[in-house]
Amino acid sequence: MGTLKTAGSFTLLCIASLTIMVGTLLAPGLVSISQGLGITDNTVLLITLPSLGAVVFAPLAGKLIDKYGAYKLLVIGLFLYGVAGASAYFLKGPTLVFANRFLLGGITAVVMASCTVLISAWYTGEARLGMIAKQGMAIELGGVIFLFLGGLLASQFWALPFSLYLIAWVFLAMLLLFVPSKNSLASNSDEVSEHLHHKANNGLSLKSVYVISTLAMTIFFTSTVLLPITMNEENFNESQIGQLLAFISLVAVVTAGFMPKIAKKLGEPKVLAFAFLAFSLSYICFTQVSTLLLILGAILIGIGFGFSIPLLNHMTVELSDVKVRGRNLSYFTMAVFSGQFFTSFMQYIPGGEKNVFIICSVSAFIIALVLFFKPIKAK
């Protein structure tokens with residue numbers, strides 16, 4: 001088993017940070033960006049359409065990865081990500097812009113799944129859980145940096161955030177320089193025994209991992225889509241909205257760092273139950289107007305993310321035989337991005353944003369209870 005040098009690991013983590021940025025980059029400046037692009041209705045689609053693209057293209061991405069190899073596809077994906085992301089500036093009107101955002105999502109699915117396949121090829125066992133926790137941290141750290149910069153740039157000129165998509169080309173250069181295209185993979189038998197042992201351990205099947213991933217992402221991402229609207233109504237400006245969303249991501253980064261230790265102690269279903277409990281409490285905070293409760297809610301929802309998505313990602317890898325890992329990770333990508341896309345419809349729930357927050361809180365609490373009592377039956 002070859003080991004990856006620090007620069008190589010860092011490169012893979014940088015690439016991971018592109019996944020959350022694909023939609024959220026435009027969130028802080030959504031109002032001015034949608035005006036600049038000539039979009040008056042369904043502006044939330046600018047943030048959520050890439051996730052639909054990712055869902056639609058993910059199965060194809062998985063098949064291509066298993067056939068041609070993750071490295072080749074990652075190279076192509078990164079190049080196209082820069083092109084598709086930045087070119088939106090030159091488009092005008094809903095049809096072209098929405099088509100561009102949809103396509104960008106499809107490219108992101110290729111980047112996300114092939115990046116995780118490379119990580120699982122270079123690391124095994126506990127080192128892999130650690131690296132995938134770091135990948136979750138990198139995804140959220142991408143959220144911190146790009147949300148902060150997105151808000152900052154949007155306040156200068158509406159189109160500037162689009163230039164940030166070109167950072168994919170910098171990461172592409174790093175990939176070619178620091179990550180070897182070939183790796184002597186661990187023998188297959190180790191993989192299979194590790195995989196069977198794990199399945200017996202946590203009592204959750206791949207299907208339930210996908211379902212929980214979709215639910216976690218739907219509940220988490222609702223805040224990314226609706227907080228800018230509710231905060232705007234409370235007279236917060238674009239920069240402040242960007243800072244709060246970035247703060248949520250920062251909390252998620254720190255939490256994901258602790259996650260492997262806690263998962264080892266409590267077991268995976270319990271950690272997931274705590275994640276949903278944190279989601280539930282965060283939305284109670286968001287229904288209130290006070291800034292202090294906004295910040296408390298931000299801390300809680302960040303904890304929820306850090307305890308859920310990176311762990312579910314790792315569980316997908318562990319439950320997948322090496323031959324179908326690309327395909328299974330692309331299904332995980334579909335689950336995560338389906339969750340993001342479902343939030344497009346949250347605006348249409350009657351009773352306004354506050355009502356949506358209450359629904360999210362109650363749903364998360366019910367899921368937490370189910371997860372908390374599940375392992376007892378599994379044994």
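The values are calculated or read from the model by the stated rules, or taken from the named source; none is laboratory data. As the structure is a computational prediction, the values presented were derived from the model and not from experiment. Note that we place each Cβ from the backbone using ideal geometry, even for glycine, and neighbour counts take in every protein chain shown.
Given the criterion over 23 Å from V317 (Cα atoms), surrounded by 21 or more Cβ atoms within 10 Å (Cβ to Cβ), touching a Ser or Thr at 6+ places or on another chain (Cβ under 8 Å) and among the aliphatic types (A, V, I, L, M), identify the matching residue among L141, L147. Only one candidate qualifies: L147.
Would it be correct to say that T11 is among the hydroxyl-bearing types (S, T, Y) and assigned to a loop (DSSP other than H, G, I, E, B)? It is false that T11 is among the hydroxyl-bearing types (S, T, Y) and assigned to a loop (DSSP other than H, G, I, E, B).
Would you say T3 is farther than 26 Å from F98 by Cβ and modelled with pLDDT under 90? Yes.
Being among the hydrophobic types (A, V, I, L, M, F, W, C), surrounded by fewer than 21 Cβ atoms within 10 Å (Cβ to Cβ) and at pLDDT below 90 is a description that applies to L266. Checked against the criterion of being among the polar types (S, T, N, Q), touching a residue at least 12 places away in the same chain (Cβ under 8 Å) and touching a Gly at 6+ places or on another chain (Cβ under 7 Å), the candidates T48, T11 yield just one match: T48.
Can you name every residue in segment 34-45 that is in contact (Cβ under 8 Å) with a residue 24 or more places away in the chain, buried (at least 17 other Cβ atoms within 10 Å of the Cβ) and over 21 Å from T19 (Cα atoms)?
If the condition is that a residue be in contact (Cβ under 8 Å) with a residue 24 or more places away in the chain, buried (at least 17 other Cβ atoms within 10 Å of the Cβ) and over 21 Å from T19 (Cα atoms), then L37, I39 are the ones that fit.
Taken over segment 37-52, the criterion of being within 19 Å of the chain's Cα centre (by Cα) and either among the hydrophobic types (A, V, I, L, M, F, W, C) or more than 15 Å from T24 (Cα to Cα) (or both) is satisfied by V44, L45, L46, I47, L49, L52. Among the conditions (1) surrounded by fewer than 19 Cβ atoms within 10 Å (Cβ to Cβ); (2) at pLDDT 85 or above, the only one that K199 does not satisfy is (2).
Residues of segment 120-140 that are outside any helix (DSSP H, G or I) and either at pLDDT 85 or above or under 11 Å from L13 (Cα atoms) (or both): Y123 alone. A single member of F337, F274, F279 is at pLDDT 90 or above, under 20 Å from I367 (Cα atoms), crowded, with 24+ Cβ neighbours inside 10 Å and of a type in the set (F, W, Y), and it is F279. Give the residue that is surrounded by the fewest Cβ atoms within 10 Å (Cβ to Cβ), with candidates limited to residues of segment 284-334 that are of a type in the set (A, V, I, L, M), under 17 Å from V271 (Cβ atoms) and modelled with pLDDT of 85 or more. Top of the filtered list is L319. Tell me, please, whether a residue that is in contact (Cβ under 8 Å) with a residue 40 or more places away in the chain and outside any helix (DSSP H, G or I) can be found in segment 346-365. Within segment 346-365 (the criterion being in contact (Cβ under 8 Å) with a residue 40 or more places away in the chain and outside any helix (DSSP H, G or I)), the answer is no, since none of the residues qualifies. You will find that of G36, G77, the residue that is closer than 19 Å to L147 by Cβ, out of contact with any strand residue (DSSP E or B) (no Cβ under 6 Å at 6 or more places or on another chain) and small (G, A, S) is G36 and no other.
Specify which of the listed residues (A99, A84, A70, A58) is at pLDDT 90 or above, among the aliphatic types (A, V, I, L, M) and within 26 Å of S308 (Cα to Cα).
Going through A99, A84, A70, A58 in turn, just one is at pLDDT 90 or above, among the aliphatic types (A, V, I, L, M) and within 26 Å of S308 (Cα to Cα): A70.
The residue that is farthest from N355 (Cα to Cα), counting only those in segment 286-332 that are of a type in the set (V, I, T) and outside any helix (DSSP H, G or I), is V289.
V31 falls short on exactly one of the conditions (1) crowded, with 21+ Cβ neighbours inside 10 Å; (2) outside any loop (DSSP other than H, G, I, E, B), and that condition is (1).
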